[in-house]
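K.L.:
Below is one structure. I have some questions about it.
The values are calculated or read from the model by the stated rules, or taken from the named source; none is laboratory data. Everything numeric here is computed off the predicted structure, so don't read it as measured data. As a convention, Cβ positions derive from the backbone with ideal geometry for all residues, glycine included, and neighbour counts pool all protein chains shown. The protein model used for the area step is the full one, side chains on, heavy atoms only, and it has no ligands, DNA or RNA in it. Shrake-Rupley method; radii C 1.70, N 1.55, O 1.52, S 1.80 Å.
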Amino acid sequence: MKLDLLYEIDVPKPWGPEPWPQNQRKREQRAYREALEQIALADKLGFNTVWMVEHHFREGRSHSSCPEATLGALSQITENIRLGFGVALMPHEFTPPIRVAEKVATVDVLSNGRVEWGTGRSTPMEQTAFGVDREASRDKWRAAIETVVGMWETQYYEEDSEYFTFPKRNVTPKPVQDPHPPCWVAATSPSSAEVAGEAGLGLLSFAIMQPIQVMADVIKRYRAACERMEEPLTRVVNNRAAAYTLVHCADSMDEAETNGVWDAVWWWYQHLAEFMLEWEFPHFPQEEKDKLFPLMKKHAEGDLEPKMFNDYDMIIVGDPDQCIEKMKTYESLGVDQLLCYMQFGDLDHDAIMRSIELIGKHVLPEVDAEASVTVVEK
């Protein structure tokens, strides 16, 4: 199993003593600087891929709205780590397919062919702000992928279809990877996972907010769908399953607790619940509200025990040996790439750097037997 990193650029409130906007700006700038330093270290230690999300308007929770710029910067300060769009939002109202083709290919050129192209449709809160037709979003997602691939594989591309009209043009640049970077899709349900498998796309899943057996079932259904695949959506068939979760490794569990890991976990879950109740629930059908509301309300009110998530392996916290044990559980459930979400809550930058160092030196060689690790002195 490969070990990756996932970044949302968390910027928890309160943002500082200064008045707005200075306080927000300072915290955002610091979070970005620290993320780049952390990822540069992970590159030296042999991590496989770093994934940068695309989210909009999620204050505190995720300030990564322009992953192509961050990945472009990373292409110049890293050498080996692959650079993942986690994910590019594909329905046409978010970004015209032309721009997706251009920005993904540009990062591939700058990184000499290190891009992983994750795709997705986002959630109601973002969709409504961009005017996305939610009922047609899956069809548009699929159509946009076909358009982007066509622009990469054709010198002069043109299209006149239900969702997109484009005159004959040479869309530049073309990606380094031939015919194009591997494509993934974010899937939060078994049906979405089956869509991914039948289309020959990689699966981006998660272990947070659900027992890991649920994730295992999603991966199992994805594998079965891969077997049923008749005509892949792109010429690059990608049958890898990835999952993300919160990860914090320290020299000991006592040190992890001194670092404030449980407060950081508590913040992450509570903030997610508060966000969903305020911004997402108004757009959900009543059946989904009834199913999720008790859990979200409980978490939003802080009625949770963060250690419970670690006890049930929904997150990974501990010393290197404990992290190895938990990660091998994920591997046994069919995860090919584990996306380690390490910059979360108010965890100190030095603690995150140490966590990355410990995983790179001690955990990664045990989980990924093919990894080559460069020892970095503190």
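K.L.:
LEU36 passes all but one of (1) within 15 Å of LEU347 (Cα to Cα); (2) open to solvent by 40 Å² or more (accessible area, probe 1.4 Å); (3) part of a helix (DSSP H, G or I); which number fails?
P.N.:
Just one mismatch for LEU36, condition (1).
K.L.:
With the requirement that a residue be assigned to a loop (DSSP other than H, G, I, E, B) and either farther than 22 Å from ALA187 by Cβ or among the acidic types (Asp, Glu) (or both), what does the range 66-100 give you?
P.N.:
CYS66, THR78, GLU79, ASN80, ILE81, GLU93, PRO96
K.L.:
Are any residues in the range 310-335 under 20 Å from the mean Cα position of the chain (by Cα) and aliphatic (A, V, I, L, M), and if so, which ones?
P.N.:
Across the range 310-335, the qualifying residues are MET314, ILE315, ILE316, VAL317, MET327, LEU333, VAL335.
K.L.:
Do we find that ASP263 is at pLDDT 95 or above, over 21 Å from ILE324 (Cα atoms) and open to solvent by 80 Å² or more (accessible area, probe 1.4 Å) in this structure?
P.N.:
Yes.
K.L.:
Consider only pairs whose beta carbons are under 9 Å apart and that are at least six residues apart or on different chains; among these, list those whose first residue lies in the range 217-232 and is within 12 Å of THR188 (Cα to Cα) and whose second residue is open to solvent by 100 Å² or more (accessible area, probe 1.4 Å).
P.N.:
VAL218/THR188
K.L.:
Another one. From the list MET229, MET253, which residue is among the aliphatic types (A, V, I, L, M), open to solvent by 30 Å² or more (accessible area, probe 1.4 Å) and within 30 Å of PRO179 (Cβ to Cβ)?
P.N.:
Answer to the selection: MET229.
K.L.:
Return yes or no: is THR70 of a type in the set (Ser, Thr, Tyr), open to solvent by 10 Å² or more (accessible area, probe 1.4 Å) and touching a Phe, Trp or Tyr at 6+ places or on another chain (Cβ under 8 Å)?
P.N.:
The answer is yes for THR70.
K.L.:
Every residue in the range 39-50 that is assigned to a loop (DSSP other than H, G, I, E, B) and open to solvent by 20 Å² or more (accessible area, probe 1.4 Å), please.
P.N.:
Residues satisfying the conditions are GLY46, ASN48.
K.L.:
Any residue in the range 186-205 that is out of contact with any Phe, Trp or Tyr (no Cβ under 9 Å at 6 or more places or on another chain), open to solvent by less than 10 Å² (accessible area, probe 1.4 Å) and farther than 30 Å from GLU59 by Cα?
P.N.:
yes
K.L.:
Then there is this: Pull out all pairs, ordered by first then second residue, where Cβ-Cβ is under 7 Å, the residues are six or more apart or on different chains, the first lies in the range 76-104 and is open to solvent by 20 Å² or more (accessible area, probe 1.4 Å), and the second is part of a loop (DSSP other than H, G, I, E, B) and of a type in the set (Lys, Arg).
P.N.:
Going by the 7 Å Cβ cut-off, the qualifying pairs are ARG82/ARG114.
K.L.:
If the Cβ limit is 7 Å and pairs must be 6+ apart or interchain, which residue in the range 167-193 that is in contact (Cβ under 8 Å) with a residue 24 or more places away in the chain pairs with which residue that is of a type in the set (Lys, Arg) and open to solvent by 20 Å² or more (accessible area, probe 1.4 Å)?
P.N.:
Here the result reads PRO179/ARG235; PRO190/ARG221; ALA193/ARG221, each pair linking the range 167-193 to a residue that is of a type in the set (Lys, Arg) and open to solvent by 20 Å² or more (accessible area, probe 1.4 Å).
K.L.:
Filter the range 10-28 down to the residues that are open to solvent by less than 100 Å² (accessible area, probe 1.4 Å), outside any loop (DSSP other than H, G, I, E, B) and not acidic (Asp, Glu) and list them by number.
P.N.:
GLN22, ASN23, GLN24, ARG27
K.L.:
Examine the range 204-226 for a residue that is touching a Lys or Arg at 6+ places or on another chain (Cβ under 9 Å) and of a type outside the set (Lys, Arg), and state whether such a residue exists.
P.N.:
no
K.L.:
Which condition number does LEU292 fail, the rest of (1) closer than 22 Å to VAL335 by Cα; (2) at pLDDT below 75 being met?
P.N.:
With respect to (1) closer than 22 Å to VAL335 by Cα; (2) at pLDDT below 75, LEU292 is out only on (1).
K.L.:
For residues in the range 105-116 being at negative phi and not in a strand (DSSP E or B), which is most open to solvent (accessible area, probe 1.4 Å)?
P.N.:
Top of the filtered list is LEU110.
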